[in-house]
Amino acid sequence: PEVRRRFPALAQALLAGASGQLRNMATVGGNLLQRTRCGYFTDVAQPCNKRVPGSGCPAVEGEHHNHAILGASEHCVAVHPSDMAVALTAFDAVVHFETVDGPGQLPVADL
């Protein structure tokens, strides 16, 4: 209820991100850490900079109408699959994490 009240865009993004069955089994960390991919990523007959850095991105000149609006580069134009990441980026959210070397933090936009 607190997220719905204070951050309705985030609540909507979480609900849009997956079916109820998946949301009941998934985590928000898993949602954020999904690997960016597109149809070319899953087609091993095509080059893909995400699979093999430097091999090329056919989506740059090919089929890319459902790809990134923000954050695209000459290396990859695929959109990040997390609806929640978009909302958190709009709020300038920061991820706090723990490593063996101690705590850290990173803006979602840089994640």
Restricting to the stretch 75-94, count the residues that are surrounded by 16 or more Cβ atoms within 10 Å (Cβ to Cβ) and in contact (Cβ under 8 Å) with a residue 40 or more places away in the chain.
11
Does Leu22 count as closer than 23 Å to Val94 by Cβ, open to solvent by 80 Å² or more (accessible area, probe 1.4 Å) and either aliphatic (A, V, I, L, M) or modelled with pLDDT of 80 or more (or both)?
no
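Restricting the search to the stretch 29-58, which residues are touching a Gly at 6+ places or on another chain (Cβ under 9 Å) and among the hydrophobic types (A, V, I, L, M, F, W, C)?
Of the stretch 29-58, the ones touching a Gly at 6+ places or on another chain (Cβ under 9 Å) are 31, 40, 46-49.
Correct list: Cys48 only.
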How many residues does the stretch 95-111 hold that are open to solvent by 70 Å² or more (accessible area, probe 1.4 Å) and touching a residue at least 40 places away in the same chain (Cβ under 8 Å)?
1
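Keeping to the stretch 6-19, report how many residues are more than 15 Å from the chain's Cα centre (by Cα) and open to solvent by 30 Å² or more (accessible area, probe 1.4 Å).
7
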The one condition in (1) more than 21 Å from Asp92 (Cβ to Cβ); (2) in contact with a helix residue (DSSP H, G or I) (Cβ under 9 Å, 6 or more places away or on another chain); (3) assigned to a helix (DSSP H, G or I); (4) of a type outside the set (Ser, Thr, Tyr) that Cys48 fails to fulfil:
(3)
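Would you pick out the residues in the stretch 98-111 that are in contact with a helix residue (DSSP H, G or I) (Cβ under 9 Å, 6 or more places away or on another chain) and assigned to a strand (DSSP E or B)? Working first, answer last.
Narrowing the stretch 98-111 to residues in contact with a helix residue (DSSP H, G or I) (Cβ under 9 Å, 6 or more places away or on another chain): 107-109, 111.
Within the stretch 98-111, Pro107 is the sole residue that qualifies.
Tell me which residues, restricted to the stretch 32-50, are out of contact with any Lys or Arg (no Cβ under 9 Å at 6 or more places or on another chain) and surrounded by 10 or more Cβ atoms within 10 Å (Cβ to Cβ).
Initially, the stretch 32-50 is screened for residues out of contact with any Lys or Arg (no Cβ under 9 Å at 6 or more places or on another chain), giving 32-34, 39, 42-43, 45-47, 49.
Across the stretch 32-50, the qualifying residues are Leu32, Leu33, Gln34, Gly39, Thr42, Asp43, Gln46, Pro47, Asn49.
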Across the stretch 1-37, which residue is farthest from Ser73 (Cα to Cα) among those that are basic (Lys, Arg) and not in a helix (DSSP H, G or I)?
Arg35
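The values are calculated or read from the model by the stated rules, or taken from the named source; none is laboratory data. All values derive from a computational prediction rather than experimental measurement. Positions of Cβ are generated from backbone atoms using ideal geometry, with glycine treated the same way; all protein chains shown enter the neighbour counts. When the accessible area is computed, the model is the full protein with side chains, heavy atoms only, and any ligands, DNA or RNA have been set aside. Shrake-Rupley method; radii C 1.70, N 1.55, O 1.52, S 1.80 Å.
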